[in-house]
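Novice: The structure is given below, and queries will be raised subsequently.
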């Protein structure tokens, strides 16, 4: 990892932000697709960190320092970052495709079983992988993302896609998207998120990735097949607010053994950024309880 400097806006809890740069990872060719991944190595149990479709793997950089005893593996699904389908294919992506890509990636790098920790749209992939490849999954920490139809996100997609189509995903386009998702309590958020967007999101695949997550993704039918210990880890101002989030009831009904954890005061979408130590501590306790 390397230190990214944002002048006076780089500080979080008086520490410089450590960014896992894409050049620190590797691109692996898996027949029909090239997948970017980063592997911290080490002898600890592997945790696969599944980021969303905008901040990507960078969203987990803040929790890394608190989980150094584990082997931390991050990736970008096909269509995002440096992960691209062969022959420029920009359509046909789905949770089935991404889960299959991830299972092949883990096999290729010698991971026989891993914990999963999903943030944002990474939750779709985590639950699909846990349902279809239970032999690969030790335990799961997931987000509320189980069905795009739980909320009408048409307006969100219209705004997101309009910015991308008119301004792209770098420069002004990235900055405007980051401002749209601004977290007021973090003055460095906009330049940080803008850089993430410029490295993760692509104009040609945005509809098949971000648009798919906002409008079409659905893993509800997979939930009863998830047998691994599963924790829904939420950020919210209060427990009551957390339990009212869309997706909570669907997960409680679909995954009978589901546990729920709440980090109060944390941002609902960027909790691992606003409260990284609290999220990491909750994750460690869960992984230790369900480890080998």
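A short reminder: the numbers here are calculations on the coordinates, not readings from a lab. Worth saying up front: this structure is predicted, and the values here are computed from it rather than measured. Cβ atoms come from the backbone with ideal geometry, glycine included; neighbour counts cover every protein chain shown.
Novice: How many nm separate the modelled label positions at residue 239 and residue 24, each set 7 Å beyond the Cα in the direction of the Cβ?
Specialist: 3.6
Novice: Label points 7 Å out from Cα along the Cβ direction at residue 151 and residue 170: separation in nm?
Specialist: Result: 3.0 nm between the two label points.
Novice: Return the tail of the calculated pair distribution for the stretch 65-108, meaning the percent of Cα-Cα pairs more than 12 Å apart. Show your work: numbers first, answer last.
Specialist: Values: 646 of 946 pairs.
Above the 12 Å cut-off, the stretch 65-108 has 68 percent of its Cα pairs.
Novice: Could I ask something else about it? In whole Å, what are the extents of the stretch 107-177 along the principal axes defined by its C-alpha atoms, from largest to smallest?
Specialist: Result, largest extent first: 44, 30, 16 Å.
Novice: Oh, and also: Binned at 5 Å from 0, what are the whole-percent values of the Cα-Cα distance distribution for the chain, short to long?
Specialist: Final binned percentages: 1, 6, 13, 17, 20, 19, 14, 8, 2, 0.
Novice: Moving on. Along the three principal axes, how long is the stretch 112-247 when you take its alpha carbons, biggest first, rounded to the nearest angstrom?
Specialist: Dimensions of the stretch 112-247 along the principal axes of its Cα atoms: 44, 35, 30 Å.
Novice: If packing is taken as the mean number of other Cβ atoms within 10 Å per residue, what is the order of 119-125, 132-138, highest first? Write down the numbers at each step before the final one.
Specialist: Details: 119-125: 26.9, 132-138: 17.0.
Highest mean packing first, the order is 119-125, 132-138.
Novice: Please label the shape of the stretch 28-75 as rounded, prolate or oblate, based on the square roots a ≥ b ≥ c of the eigenvalues of the alpha-carbon gyration tensor (a/c under 1.5 means rounded; beyond that, a/b larger than b/c means prolate, else oblate). Don't jump to the answer; show the numbers that get you there.
Specialist: Values: a/c = 3.17, a/b = 1.35, b/c = 2.35.
Judged from the Cα gyration tensor, the stretch 28-75 comes out oblate (a/c at least 1.5, b/c at or above a/b).
Novice: State the antiparallel share, in %, of DSSP beta bridges confined to the chain, rounding to the nearest 5. Could the numbers behind the result be given before it?
Specialist: Details: 16 of 37 bridges.
So the antiparallel bridges in the chain amount to around 45 percent.
Novice: Determine, for each peptide in 252-262, 64-74, the mean count of other beta carbons within 10 angstrom over its residues, then list the peptides with the highest first.
Specialist: Top to bottom by mean Cβ count within 10 Å: 64-74, 252-262.
Novice: Please say if the stretch 237-292 is rounded, prolate or oblate, where rounded means a/c under 1.5 for a ≥ b ≥ c the square roots of the C-alpha gyration tensor eigenvalues, and otherwise the choice is prolate for a/b larger than b/c and oblate otherwise?
Specialist: Numbers: a/c = 2.38, a/b = 1.02, b/c = 2.34.
Here the stretch 237-292 falls in the oblate category.
Novice: Stretched out fully, how many nm does the piece from residue 203 to residue 104 gain, at 0.36 nm a residue minus the Cα gap?
Specialist: Working: separation 99, 0.36 × 99 = 35.64 nm, distance 2.63 nm.
Length gained, residue 203 through residue 104: 33.0 nm.
Novice: Sticking with this one: Quick check: from the Cα gyration tensor, does the stretch 177-290 come out rounded (a/c under 1.5), prolate or oblate?
Specialist: On the way: a/c = 1.94, a/b = 1.26, b/c = 1.54.
In terms of gyration-tensor shape, oblate.
Novice: Quick check: the distance between the Cα centres of the stretch 220-271 and the stretch 24-71, to the nearest angstrom?
Specialist: Centre-to-centre (Cα) distance: 23 Å.
Novice: While we're here: For the stretch 55-183, what Kirkwood radius comes out of the mean inverse Cα-Cα distance, in Å? Each step should come with its number before you reach the end.
Specialist: Details: mean 1/r = 0.0603 Å⁻¹.
After inverting the pairwise mean of 1/r, the radius is 16.6 Å.
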